[in-house]
Amino acid sequence: MGLTMEIRVGKKRTIVIPKAVAEILGIDEGSKLRLSIVDGKIVLEPIPDAIYLSIHGEKIARTTLEELEVESIEQQERYIDKKSNTH
């Protein structure tokens, strides 16, 4: 899909991403973007966060909810033990 818009640079060199572009790319307030300069052009690419990747990203392993729960409990116990030993 090709989309071209003209925007203006504001104070302190800020730009506002048009709503239509933000919606198409799933960009919200607080989203991280990667800025690159390619052939004299500014390229902004959304950096997917962990939640987005967990839902939409490539699946490379399978785990059950039971396995996830066991791992979560182990991690929490290690965290609690670590905190207890520092106080």
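The numbers here are math on the coordinates, done by the rules we state, and not lab data. This structure is a prediction, so every number in the text was calculated from the model and none was measured. Cβ sites come from the backbone with ideal geometry, for glycine too, and all protein chains shown count toward neighbours.
Using a 10 angstrom cutoff on alpha carbons, build the Gaussian network for the chain and name the most mobile of Ile27, Ile42, Ile73.
For the chain, modelled as a Gaussian network with Cα springs under 10 Å, the answer is Ile73.
Under the rule that an exposed site lies in a DSSP loop and has at most 10 other Cβ atoms within 10 Å, name the longest stretch of the chain with no trypsin sites (Lys or Arg not before Pro) of that kind, not counting the sites themselves.
On the way: sites that count: Arg8, Lys59, Arg62.
By the stated rule (loop sites, at most 10 other Cβ atoms within 10 Å), 9-58.
So which aspartates and glutamates can Lys83 reach, going by Cα to Cα under 20 Å and dropping same-chain residues fewer than 8 places off?
Within the straight-line cut-off, Lys83 pairs with Glu71, Glu74.
Report the convex hull volume per residue for the chain, counting only C-alpha atoms, in Å³. Could the numbers behind the result be given before it?
Working: hull volume 18.9 nm³, N = 87.
Once divided by residue count, the hull of the chain is 217 Å³.
Could you work out the helix-only [θ] at 222 nm for the chain, with each DSSP H run of four or more residues adding -39,500 (n - 2.57) and the total divided by the number of residues, to the nearest 500 deg cm²/dmol?
On the way: 3 runs with 36 residues, N = 87.
So the helix-based figure for the chain works out to -13000 deg cm²/dmol.
Along the Cα-to-C-beta direction of His56, a point sits 7 Å from the Cα; which residues of the range 25-40 have their amide N less than 18 Å from that point?
Residues passing the 18 Å test: 25-35.
Counting other Cβ atoms within 10 Å of each Cβ, which GluC sites (Glu not before Pro) in the range 44-87 have at most 14 and sit in a DSSP loop?
On the way: sites: Glu58, Glu66, Glu67, Glu69, Glu71, Glu74, Glu77; in loops: Glu58.
Of the GluC sites (Glu not before Pro), the ones in loops of the range 44-87 whose Cβ has at most 14 other Cβ atoms within 10 Å are Glu58.
Which angle from 0 to 90°, rounded to the nearest 10, does the C-alpha axis of helix 65-86 make with the longest principal axis of the chain?
The answer is roughly 80 degrees.
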